[in-house]
Amino acid sequence: MALKFGILGAGMISGLHADALRHSAKARLVAVADVDKGRAEKLASEYAPGAKAYATLAEMLADPEVEAVSVVTPNHLHTDAVLAIAKAGKHVLCEKPPAMSLKETDAMMSACAKAGVKFGIFVQCRIRVPIQQMKKALAEGRFGKVLRADAVMKWYRAGDYYKRDAWRSDRKSGAGVTIQHAFHYIDLLQYLMGPARQVSASMCNLAHPDVYLEDTLEASIVFETGVKGTVQASTAMWPGSDVRIEIYGEKGCAIMEGAAFKLWQFQEERPEDGKIRSMGDSQQATAGGSTTALAYADHQVVYDDCADAVAHGREVVIPCAAVRPSLEMALSMYKSAKTGSATTLPLAD
């Protein structure tokens, strides 16, 4: 029996979620809610004919057919939505970042735990095969002493991107390249290397002068292990290129570009390395130059996993607690950029 999902929010990214549910054999879309009911109706009719459309979350939560809700609203609206969904006793998956603060994130986790519902976050880039192979190689010590871990995101977004919805140019609503775009890749570094102990960052606006937020980030990270790394992220770099995640060690190096390996090389070669090098999809769209250049496959894995987690009574593959340190890193970058000095973690909220 497929887990029945409602989607909250019918904006730009909602089609990706609806498409993932349309292709899933384990979860399906039964309802959509948006303050613009016409948008909800359009999304439902396009991806799940027969799914109901609502103008409010409360109306959708009152529908007994809805067993879980995917929160796809602007970032500053996540917390109230998740708290309401947990109170209604329904499982919840939420777009990144979890919330605007650590306090809100903790409140959401507490509410979901108290209600006994699953609470996962869409940082679906973790699902990509190259990332999983990097994670495995790190656990096996194949890199030897890790020397660096870097994330490079040089994307392009035209000025009209920031004007499609008012919240996209509003820092208080959760906009800006750091929290809105680079969060996925900050999270990948945290997923691979663990939490940070110190962050230094600078931010600027290179190509969107009529938008009062950062479109470019430069950050240096010292992880708790002592390993150092960087995040370079921008939406100013025309025409935009695929993200790179790079790990360098004394005995090996691995680089993911987009959703495929650019490099997988170790001093001690193993028989399976040839096969691993060919893993991933070099043709998968990863939004470097366009908001619509994204594939639904990674999202579908998260939906399928949630259905399995509910069916078997286990934790979801990306629980909110595992993403909290990534939010702390991102917030530390804002603090460092504002103060002009390094920020030491844990962060006072």
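The values are calculated or read from the model by the stated rules, or taken from the named source; none is laboratory data. Here the structure is a predicted model, which is why all the values come from computation and not from measurement. FYI the Cβ positions are ideal-geometry reconstructions off the backbone, even for glycines, and counts take in every protein chain you see. These area figures cover heavy atoms from the full protein model, side chains too; ligands, DNA and RNA do not enter into them. Shrake-Rupley method; radii C 1.70, N 1.55, O 1.52, S 1.80 Å.
Would you grab the residues whose amide H sits under 5 Å from the one on C94? Only those 5+ places off in sequence or on another chain, please, with H modelled 1.01 Å from N.
V71, G120, I121, F122
Counting other C-beta atoms within 10 Å, and keeping those with at most 13, which DSSP coil trypsin sites (Lys or Arg not before Pro) do you find in segment 255-336?
Counting only loop positions with at most 13 other Cβ atoms within 10 Å, the trypsin sites (Lys or Arg not before Pro) in segment 255-336 are R314.
Could you give each residue of segment 183-190 its phi-based ³J(HN,Hα) in whole Hz, using Karplus coefficients 6.51, -1.76, 1.60 with θ = phi - 60°, and x for Gly or Pro?
4, 4, 8, 4, 5, 4, 5, 5
If you count, for each residue, the other Cβ atoms within 10 Å and average over each peptide, how do 147-156, 184-193 line up from highest to lowest?
Put in order of decreasing packing, that is 184-193, 147-156.
Using the Cα atoms of segment 156-280, I'd like the radius of gyration and the largest Cα-Cα distance, Dmax, both in angstrom.
Gyration radius and largest Cα-Cα distance of segment 156-280: 17.1, 54 Å.
Any number yet on Rg/Rh for segment 262-327, C-alpha, Kirkwood?
My calculation of the ratio gives 1.09.
Of S282, Q265, A62, which is farthest on the positive side of the dipole of the chain, counting Cα position, with +1 on Lys and Arg Cβ, -1 on Asp and Glu Cβ, and the Cα centre as origin?
Looking along the dipole axis, the top candidate is Q265.
Tell me, what % of the accessible area of the chain is carbon and sulfur with a 1.4 angstrom probe?
For the chain, the apolar C and S fraction of the accessible surface comes to 53 percent.
In nanometres, what is the gap between the two model label sites at S341 and E65, each 7 Å from Cα along Cα-to-Cβ?
5.8
Sequence neighbours fewer than 8 away in the same chain don't count; with that in mind, list the aspartates and glutamates whose C-alpha is under 12 Å from K154.
D215, E218, D242, E257
Taking a 21 Å limit on the Cα-Cα distance, which of the listed pairs K87/K335; K52/K90; K37/K172; K26/K135; K37/K103; K26/K52 fall beyond it?
K87/K335; K37/K172; K26/K135; K37/K103, as the Cα separations exceed 21 Å there.
Please work out the FRET efficiency for the pair D36 and A285, using the Cβ-Cβ distance as r and a Förster radius of 30 Å; give the result to the nearest 0.05.
0.65
For a quick check of understanding: with a 1.4 angstrom probe and all protein chains in place, what accessible area in square angstrom does L347 have, to the nearest ten?
20
Is it possible to state the helix-based mean residue ellipticity at 222 nm for the chain, with each DSSP H run of 4+ residues giving -39500 (n - 2.57), the sum divided by total residues, to the nearest 500 deg cm²/dmol? What is it?
The helix-only estimate for the chain comes to -10000 deg cm²/dmol at 222 nm.
List the equivalent ellipsoid semi-axes of the chain in whole Å, largest first, each obtained as the square root of 5λ for an eigenvalue λ of the Cα gyration tensor.
Semi-axes from the Cα gyration tensor: 32, 24, 20 Å.
Let me spell out the model: positive unit charges on the Cβ of Lys and Arg, negative unit charges on the Cβ of Asp and Glu, origin at the Cα centre of the chain. What dipole size does that give, in debye rounded to 20?
So the dipole magnitude of the chain works out to roughly 340 debye.
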